[in-house]
Amino acid sequence: MTGFITIFQREIARFLKVIVQTVITPFISSFLYLLIFGVSLGEQMQVHQGVSYLSFLIPGLMMMGLINNAFQNASSSVVSSKFSGDLEDLRVAPVTDQEIIWAMSLASLVRGTIVALITYSVGALFMYYRQGEWLMVAHPLTTLFFVVMAGLIFGMIGISIAFWATTFDQLSAFSAFILLPLTYLGGVFLSIEHLHPFWQAVSKANPLLYLINGLRYGILGVSDVNVWTAAVISTIGFVVFFAVAKFSLKKGSFQRW
Amino acid sequence: MNLPLEISNLRKAYKGGTVDAVKGVTFTVKPGEIFGLLGPNGAGKTTIISTITTLEKPTSGSVQVFGVDVQKDPLFTKRQIGVVHQEVITSGFFDVEEILTFHSGYYGLRNNKERIHFLLEKLSLFEHRHKKVKQLSGGMKRRLMIAKALVHNPKLLLLDEPTAGVDIRLREDLWRFVEELRNDGMSILLTTHYLEEAQQLCDRVGIINLGSLVELGETKAIIRQYTHKKIRVVLTEKHLLQSEYLREVIGKEYLFVVPQNKTLGEFLSEVTIPTALIQDIHIEEGDLEEAFLKLVSRKDVQVPL
């Protein structure tokens, strides 16, 4: 247990040391997204009934920031430890793989949640300024559920990939070729209702669609997919990636690059 | 009582490797001793350390720490062990004290400030405790590695070439510290290729070459067995000396290479040297380096276990 608490504290302390990356960057990027997409383009966009494009966009951006930061927190922690060699310390110390996975993915969740909260606050201010109303959370528990799921799942994905990775390229390949397209096509910026039925079917195969829409349901009360389906798929994702992370720690490499 | 470390028939083959990195090595570390594992680069020393710490899994054979197999109950064995890795670890985010605090936490120690400060003092790092690793000199980094290995007061300390690239004064400080730890009851496994270091520190040594132990025993006994005494006799004028031990004559200097078990008295009575002509006699005892070179260059070596 002490091992778990220590790794968790270490992970939190680590991202607080690079606070510009963790807090300021998402602040600027969500500000820009909201300004360009939400405000400028948003006036011509139609989404769900009774929901402005600006408010539609906010949960999507929250989830995007959450996923990216959770993934990056875990993966860059592992990879930088591989570089400096202190990952071997973890293997040599009496801590279990479970402790490492839980501590790292919970810390990823914390960082992701901070970013999501920043995005929410920036978005809420935009909405108040543009539409004169505060963005209220429609279903707090549902919101919490999807935030926790997404943070843990992507923390675990980050751990898994970083333990297998033997170069930085492999890590950025995952971000660029898998994570980025899946988030952009997962309904962050648009509702799949507007797509051709063929592309709607393709989108439904994208697991990120369910996390993004789950959170959107939690905050706005509207979603492209059934919220229960989204919850089940997220839970399955959580179980699967926990198993993958355990496997990666067992078989992956703690060795220095 | 269970031995701090018991390695039996350890074999390690790497994937894709044509030969085994470690080929059936057996040795023990006794309580309170400094055991030296010596060998040229690539002999398999670090692989053996890695199997003790479970960084590597043995292909066959077993490693037991205080009677417990490291593969069966790694949480127990890891708690008994402190490791100083060969390569310096340079975690960039935290300062010296933070690193040691986190490291204590990995070993289940939440409030370890007293021990950490004791080690920092002991290793002359106290005034550098708020520096990042990259601000430390090479020697300080080494000492930090040693402090890290000792935060949880391990019973078995593994030192993998702790003095590589360390200047002579610091090396001697570290030796003194290692001896102090031993005197406090710690058992120590040291790998090194500084033979002077091994000769001074180690009670027993195992000499390893190409993955096999070629000799194992008390340091002094090995030196005695594999080295010769060199006796250099300087005469006041040239004189014909005859002896099976005579190796070299340079002017008035005569070099004899004599087995260790022959006393000086026996030697002098066998080689009749006119006493009046003797200007000087220098005796050089053999050292571990000589024994080591003899052992690792033998092609026909059979493992004598």
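The values are calculated or read from the model by the stated rules, or taken from the named source; none is laboratory data. Nothing here was measured: the structure is a model prediction, and the numbers come from that model. Using ideal geometry, Cβ is built from the backbone for each residue, glycine included, and neighbour counts are taken over all protein chains shown.
Tell me, yes or no, whether region B:106-127 has at least one residue that is acidic (Asp, Glu), without any contact (Cβ under 8 Å) to a residue 60 or more places away in the chain and within 14 Å of another protein chain (Cβ to nearest Cβ).
Residues of region B:106-127 acidic (Asp, Glu): B:114, B:121, B:127.
Keeping just the survivors that are without any contact (Cβ under 8 Å) to a residue 60 or more places away in the chain gives B:114, B:121, B:127.
Those still in the list that are within 14 Å of another protein chain (Cβ to nearest Cβ) too: none.
No, the conditions are met nowhere in region B:106-127.
Here's the yes/no breakdown for (1) closer than 25 Å to residue A:94 by Cα; (2) at pLDDT 90 or above; (3) of a type in the set (A, V, I, L, M, F, W, C):
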| residue | (1), (2), (3) |
| --- | --- |
| B:20 | no, no, no |
| B:27 | yes, yes, yes |
| B:34 | yes, yes, yes |
| B:39 | no, no, no |
| B:44 | yes, no, no |
| B:51 | yes, yes, no |
| B:55 | yes, no, yes |
| B:59 | yes, yes, no |
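Taking the criterion of being under 28 Å from residue B:20 (Cα atoms), in contact with an Asp or Glu (Cβ under 9 Å, 6 or more places away or on another chain) and of a type outside the set (S, T, N, Q), would at least one residue in region B:221-233 satisfy it? Reasoning before the result, please.
First, pick out the residues of region B:221-233 that are under 28 Å from residue B:20 (Cα atoms): B:222, B:226.
Within this subset, residues satisfying the condition of being in contact with an Asp or Glu (Cβ under 9 Å, 6 or more places away or on another chain) are B:222, B:226.
Filter once more, keeping what is of a type outside the set (S, T, N, Q): B:222, B:226.
Yes; the residues of region B:221-233 include at least one that is under 28 Å from residue B:20 (Cα atoms), in contact with an Asp or Glu (Cβ under 9 Å, 6 or more places away or on another chain) and of a type outside the set (S, T, N, Q).
What do you reckon, is residue B:41 away from chain A (no Cβ under 13 Å), assigned to a strand (DSSP E or B) and surrounded by fewer than 20 Cβ atoms within 10 Å (Cβ to Cβ)? Criteria not met by residue B:41.
List the helices (runs of 4 or more DSSP H) that sit entirely inside region A:71-177 and contain at least 2 residues that are farther than 27 Å from residue B:86 by Cβ. Working first, answer last.
Values: elements: A:87-92, A:97-131, A:140-164, A:168-173.
It comes to A:97-131, A:140-164, A:168-173.
The single condition from (1) over 26 Å from the mean Cα position of the chain (by Cα); (2) more than 7 Å from every other protein chain (Cβ to nearest Cβ) that residue B:68 fails is (1). Against the condition surrounded by fewer than 23 Cβ atoms within 10 Å (Cβ to Cβ), part of a loop (DSSP other than H, G, I, E, B) and on the phi < 0 side of the Ramachandran plot, how does residue B:23 come out, does it pass? Spelling it out, it is not the case that residue B:23 is surrounded by fewer than 23 Cβ atoms within 10 Å (Cβ to Cβ), part of a loop (DSSP other than H, G, I, E, B) and on the phi < 0 side of the Ramachandran plot. Checking each residue in region B:182-216 for being small (Gly, Ala, Ser) and either in contact with a Cys (Cβ under 7 Å, 6 or more places away or on another chain) or at positive phi (or both) picks out B:185, B:211.
Here the condition is being farther than 30 Å from residue B:126 by Cα and within 8 Å of another protein chain (Cβ to nearest Cβ); of B:58, B:74, it holds for B:74 alone.
The residues listed here are A:62, A:45; of these, the one that is away from every other protein chain (no Cβ under 14 Å) and surrounded by 22 or more Cβ atoms within 10 Å (Cβ to Cβ) is A:62.
Might you let me know whether region B:128-139 holds any residue that is more than 23 Å from residue B:205 (Cβ to Cβ), of a type in the set (Val, Ile, Thr) and in the same structural domain as residue B:82 (by TED's automatic domain parsing)?
Restricting attention to region B:128-139, the residues satisfying the condition of being more than 23 Å from residue B:205 (Cβ to Cβ) are B:128-139.
So of that shortlist, the ones also of a type in the set (Val, Ile, Thr) come out as B:133.
Going one step further and asking which of them are in the same structural domain as residue B:82 (by TED's automatic domain parsing), we end up with B:133.
Checked against the condition, which is being more than 23 Å from residue B:205 (Cβ to Cβ), of a type in the set (Val, Ile, Thr) and in the same structural domain as residue B:82 (by TED's automatic domain parsing), region B:128-139 yields at least one hit.
Please determine, by comparing only the residues of region B:84-102 that are touching an Asp or Glu at 6+ places or on another chain (Cβ under 7 Å) and crowded, with 18+ Cβ neighbours inside 10 Å, which one is farthest from the other protein chains (Cβ to nearest Cβ). Filtering region B:84-102 for residues that are touching an Asp or Glu at 6+ places or on another chain (Cβ under 7 Å) and crowded, with 18+ Cβ neighbours inside 10 Å, the one farthest from the other protein chains (Cβ to nearest Cβ) comes out as B:84. Selection of region A:76-92 for residues being touching a strand residue (DSSP E or B) at 6+ places or on another chain (Cβ under 7 Å) and either more than 25 Å from residue B:107 (Cβ to Cβ) or away from chain B (no Cβ under 12 Å) (or both) yields an empty set. Here residue B:8 passes the criteria (1) assigned to a loop (DSSP other than H, G, I, E, B); (2) more than 24 Å from residue B:195 (Cβ to Cβ) except the one numbered (1). Taking the numbered list (1) surrounded by fewer than 24 Cβ atoms within 10 Å (Cβ to Cβ); (2) over 10 Å from the mean Cα position of the chain (by Cα) in turn, residue A:57 passes all entries but (1). Counting residues in region A:93-110 that are facing another protein chain (nearest Cβ under 8 Å), surrounded by 22 or more Cβ atoms within 10 Å (Cβ to Cβ) and in contact with a helix residue (DSSP H, G or I) (Cβ under 9 Å, 6 or more places away or on another chain) gives one or more.
Looking at region B:200-305, the strands (runs of 3 or more DSSP E) lying wholly inside it that each contain 3 or more residues that are within 30 Å of residue B:180 (Cα to Cα) and modelled with pLDDT of 85 or more sit at B:204-209, B:212-218.
Which one of B:294, B:262 is surrounded by 14 or more Cβ atoms within 10 Å (Cβ to Cβ), out of contact with any His (no Cβ under 9 Å at 6 or more places or on another chain), closer than 30 Å to residue B:52 by Cβ and not assigned by TED's automatic domain parsing to the domain that holds residue B:179? Spell out how you get there, then give the answer.
Working: B:262 fails: closer than 30 Å to residue B:52 by Cβ.
The conditions single out B:294.
Of all the listed residues (B:206, B:211), the sole one being touching a residue at least 40 places away in the same chain (Cβ under 8 Å), touching an Asp or Glu at 6+ places or on another chain (Cβ under 6 Å) and either more than 30 Å from residue B:3 (Cβ to Cβ) or in the same structural domain as residue B:13 (by TED's automatic domain parsing) (or both) is B:211. Here residue A:223 fulfils each of the conditions (1) without any contact (Cβ under 8 Å) to a residue 12 or more places away in the chain; (2) closer than 30 Å to residue B:50 by Cα; (3) buried (at least 23 other Cβ atoms within 10 Å of the Cβ) apart from (2).
Which residues, counting only those in region A:194-239, are in a helix (DSSP H, G or I) and closer than 18 Å to residue A:54 by Cβ? Lay out the reasoning, then the answer.
At the first step, the residues of region A:194-239 found to be in a helix (DSSP H, G or I) are A:194, A:197-204, A:207-220, A:227-239.
Across region A:194-239, the qualifying residues are A:194, A:212, A:213, A:215, A:216, A:217, A:218, A:219, A:220.
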